[in-house]
Every structure is written in C-alpha cells, then in structure tokens.
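These notes concern the structure reproduced below.
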Amino acid sequence: MTTTHSFAATLSECATAVNATLDRLLPAVATPEGRVVEAMRYAALDGGKRLRPFLVVAAADLFNVPRERALRAGAAVEMVHCYSLVHDDLPAMDDDDLRRGRPTVHKAFDEATAILAGDGLLTQAFEVLADPATHPDGAVRAALVTELAKGSGAAGMVGGQMIDLQAPNLNLDDAGLIRLQSLKTGALIACSCRLGAVLAGAPDSARDALGAYGQAIGFAFQIADDVLDVESSAQVAGKATGKDAAAGKATFVSRLGLEGAIAEARRLVEQAIGQIEIFGPAAEPLRQAAVFVIGRKT
Ligand code: GRG
C-alpha cells in the first residue's frame, strides 16, 4: 500500500481533472442571468477535496470505464454536493459565513442568488447525466439519473438534512442518529461509488458492494467531521467549527466520546475495505480513500 501522502497526490490529480470538467460544464455568460452562473461557478470551482468525484472515478476504473464518462458523472455528483453546501450554509439552515476558507455564497453574493445558484447546480447535475456524452446508452443514462435522484432526494441527502434540522427536538437514539447520518452524508457518498458501477453496466452485486463500501466510509467520514468539529480550528478546517457542541447536537463524539468515536471510525474503515475485497488489487485506490477519510484535516 502506498502512503497517505501519495494518496493525497492521487486525489489532487483527480481534483484537477474534475475542476477542468466543471469549468467546461459551467461556462460564464455575459447576459443578466450570468449572475447566477457566476455564483454557481463560485460555489463549484476552486476548493473542496472532490472526494465524491474521486469515488466515482475509482469505482468506474474497476471496470475500465472511459475516464471522460466517469469525470462527467463525478462532476454531476460534485454539483449536487456543492448545491447542498450552498443551501446548508444559508441563514435558514446552518447560517455559516465561511466555507472552503472563503465567504459562503450568500455572503459573497446575496441570499436569493445563493438559493438560485444551488437550484441551478442541482438541476444541471441531471442535465449532465442525461447527456449522451456521459454515456451513449439511454438506459444507462436513465439509471444514472435514478441513482443520483435517490441519493440526493428525500430518501437520501435531503431527507437526512430534514431529520438533522429537527434533531434537537427528536431525542434520537443511536439508531436514529445512525439513520440521520446515513441519509445526510452517507447516501451521496454511497451513490458516488454506485455510479461507477452503473456507468459500466456492472452486475447488481458489484453495485451493492460498492454502495456498502460507500455507506461505511460515509459514516467514517461523518465521524471524522464530528472529530474535526471538536478538535480543529476554523482556519484549518476552512469552515466554522465547534458548532455541534454549541448547538447541543448529538454527534458520534458526544455519544461515544472522542476515543470511542475514533475507534468506531477505524472499525468502519476496516468494514468498508472488507466490502471491496472481491475486486482484488484493482480496488487499492478505494482502500486508500477509506483510510484517507479518517485522517483528513479539512
Ligand atoms: C441542504 C439539502 C441540503 C443538504 C445539506 C451536505 C449537507 C447536507 C450538509 C453539510 C453539513 C456538513 C458539515 C456535513 C458533514 C459532512 C460533510 C458533507 C462535509 C462537507 O463535505 P466535504 O468535507 O467538503 O467533502 P469539501 O469542501 O471537501 O467538498
């Protein structure tokens, strides 16, 4: 296995290709509606680890999917992720001023433009998947659209966000907290992994193994986020920290303690790695990604 440092380099190479794809897919326009495109570009370009597109590409690579198709599907997932961050940062939700080390979209532009920029990114993600350049087979394109819709909608990320907003009044038990996180964070990460298999027309068993891997690293990722919220500074994390404790929110850290949460994240990484054993040595980048998610600082 190569080191975490060399995985960071692999992730960064993929991020460069994802950025170029997003830049092409979101050209600036000079007409009055150009303001929303400018806000979409602000939200989607420059910054972010691009973990979800990396997972699409690494899963697709298991089946030798042409890189351009995987990058387009990865860019679509990243558009959804960026929209979710823009809307999550709004005063009506988390009310954050800082994201990826810069002012949030509603601070750099205004609230209405931020709402529209999120809407624009979400909508365009599906346009990208439905484009024949993403896959020549219409049935595959329909399957990609369905997969992303399920991962991002009320049965996935949006549903998780709805539970999260109500969480202070819900008295969630451990199972409830796990369900919240598996929808809010896990669903889009699992979806990213599954999209790689969908692009390849791989069997359901491969799709499900990748989805289970994604859910496990999604949990580990969320725990790492909870740990960062406690341990990191806004300067290092590039976003506000300490918010969960201030809001009295139940997190894996508040439930398990810092050490317990870190141990649970390690267990989840092992579980994730077990799910992709069937793919053999070709799954090495995905194994490294699983280890990376709990060592990250941003
Ligand atoms: C508004 C519909 C809607 C959903 C919001 C993603 C989300 C749901 C909320 C973000 C809140 C949050 C901090 C969740 C923890 C995990 C997470 C998604 C962190 C941000 O993702 P990274 O670390 O960010 O991949 P970068 O900037 O690297 O892309």
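Just to check your reading of the model, which residue among Ala92, Ala30, Ala44, Ala20 is of a type outside the set (Ser, Thr, Tyr), surrounded by fewer than 21 Cβ atoms within 10 Å (Cβ to Cβ) and within 12 Å of the ligand (Cβ to nearest atom)? Write out each step before concluding.
On the way: Ala30 fails: within 12 Å of the ligand (Cβ to nearest atom); Ala44 fails: surrounded by fewer than 21 Cβ atoms within 10 Å (Cβ to Cβ); Ala20 fails: within 12 Å of the ligand (Cβ to nearest atom).
Answer to the selection: Ala92.
The rows are residues; the columns are (1) of a type in the set (S, T, N, Q); (2) under 22 Å from Lys49 (Cβ atoms); (3) touching a Leu at 6+ places or on another chain (Cβ under 6 Å).
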site: Asp96; (1), (2), (3): no, yes, no
site: Arg102; (1), (2), (3): no, yes, no
site: Asp110; (1), (2), (3): no, no, no
site: Thr113; (1), (2), (3): yes, no, no
site: Leu116; (1), (2), (3): no, no, no
site: Asp119; (1), (2), (3): no, no, no
site: Leu122; (1), (2), (3): no, yes, no
site: Ala133; (1), (2), (3): no, no, no
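For segment 184-223, filtering for residues that are farther than 16 Å from Ala290 by Cβ and among the polar types (S, T, N, Q) leaves 1. Here segment 1-17 is the region considered, the condition is being within 13 Å of the ligand (Cβ to nearest atom) and open to solvent by less than 50 Å² (accessible area, probe 1.4 Å), and the residue that is farthest from Leu188 (Cα to Cα) is Ala8. For Gly176, the test of being within 29 Å of Lys243 (Cβ to Cβ) and either over 17 Å from the mean Cα position of the chain (by Cα) or not hydrophobic (A, V, I, L, M, F, W, C) (or both) is passed.
Hey, Leu85 hits all of (1) under 13 Å from the mean Cα position of the chain (by Cα); (2) more than 12 Å from the ligand (Cβ to nearest atom); (3) open to solvent by 20 Å² or more (accessible area, probe 1.4 Å); (4) of a type in the set (A, V, I, L, M, F, W, C) but one; which does it fall short on? Unmet for Leu85, out of (1) under 13 Å from the mean Cα position of the chain (by Cα); (2) more than 12 Å from the ligand (Cβ to nearest atom); (3) open to solvent by 20 Å² or more (accessible area, probe 1.4 Å); (4) of a type in the set (A, V, I, L, M, F, W, C): (2).
Of the residues Ala117, Ala70, Ala125, Ala75, which is more than 16 Å from the ligand (Cβ to nearest atom) and crowded, with 18+ Cβ neighbours inside 10 Å? Explain how you work it out, then say what you get.
Working: Ala117 fails: more than 16 Å from the ligand (Cβ to nearest atom); Ala125 fails: more than 16 Å from the ligand (Cβ to nearest atom); Ala75 fails: more than 16 Å from the ligand (Cβ to nearest atom).
Step by step, each of Ala117, Ala70, Ala125, Ala75 is checked, and only Ala70 is more than 16 Å from the ligand (Cβ to nearest atom) and crowded, with 18+ Cβ neighbours inside 10 Å.
Only a single criterion out of (1) modelled with pLDDT of 95 or more; (2) assigned to a helix (DSSP H, G or I); (3) more than 22 Å from Gly214 (Cα to Cα) is not satisfied by Ala133, namely (2). Residues that are of a type in the set (Asp, Glu) and farther than 11 Å from Ala44 by Cα within segment 65-91 comprise Glu68, Asp88, Asp89, listed in sequence order.
Here is a yes/no grid of residues against (1) aromatic (Phe, Trp, Tyr); (2) open to solvent by less than 20 Å² (accessible area, probe 1.4 Å); (3) within 19 Å of the chain's Cα centre (by Cα):
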{"residue": "Arg100", "(1), (2), (3)": "no, no, yes"}
{"residue": "Ala112", "(1), (2), (3)": "no, no, no"}
{"residue": "Ala139", "(1), (2), (3)": "no, no, no"}
{"residue": "Gly156", "(1), (2), (3)": "no, yes, yes"}
{"residue": "Ile163", "(1), (2), (3)": "no, no, yes"}
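For segment 175-223, what are the residues that are within 16 Å of the ligand (Cβ to nearest atom), of a type in the set (Gly, Ala, Ser) and buried (at least 24 other Cβ atoms within 10 Å of the Cβ)? Scanning segment 175-223 gives Gly186, Ala187, Ala190, Ser192, Gly214, Ala216, Gly218, Ala220. Among the residues of segment 143-157, the one identified as without any contact (Cβ under 8 Å) to a residue 12 or more places away in the chain and in a helix (DSSP H, G or I) is Thr146. Could you check segment 47-66 and list, in sequence order, the residues that are within 13 Å of the ligand (Cβ to nearest atom) and either without any contact (Cβ under 8 Å) to a residue 12 or more places away in the chain or not aromatic (Phe, Trp, Tyr) (or both)? Matches in segment 47-66: Gly47, Gly48, Lys49, Arg50, Leu51, Arg52, Pro53, Leu55.
The values are calculated or read from the model by the stated rules, or taken from the named source; none is laboratory data. The model shown is predicted, which means the values in this text are computed figures rather than measured ones. Cβ: placed from backbone, ideal geometry, glycine included. Neighbour counts: every protein chain shown. Remember, those area values only see protein heavy atoms, side chains included, never the ligands or the DNA or RNA. Shrake-Rupley method; radii C 1.70, N 1.55, O 1.52, S 1.80 Å.
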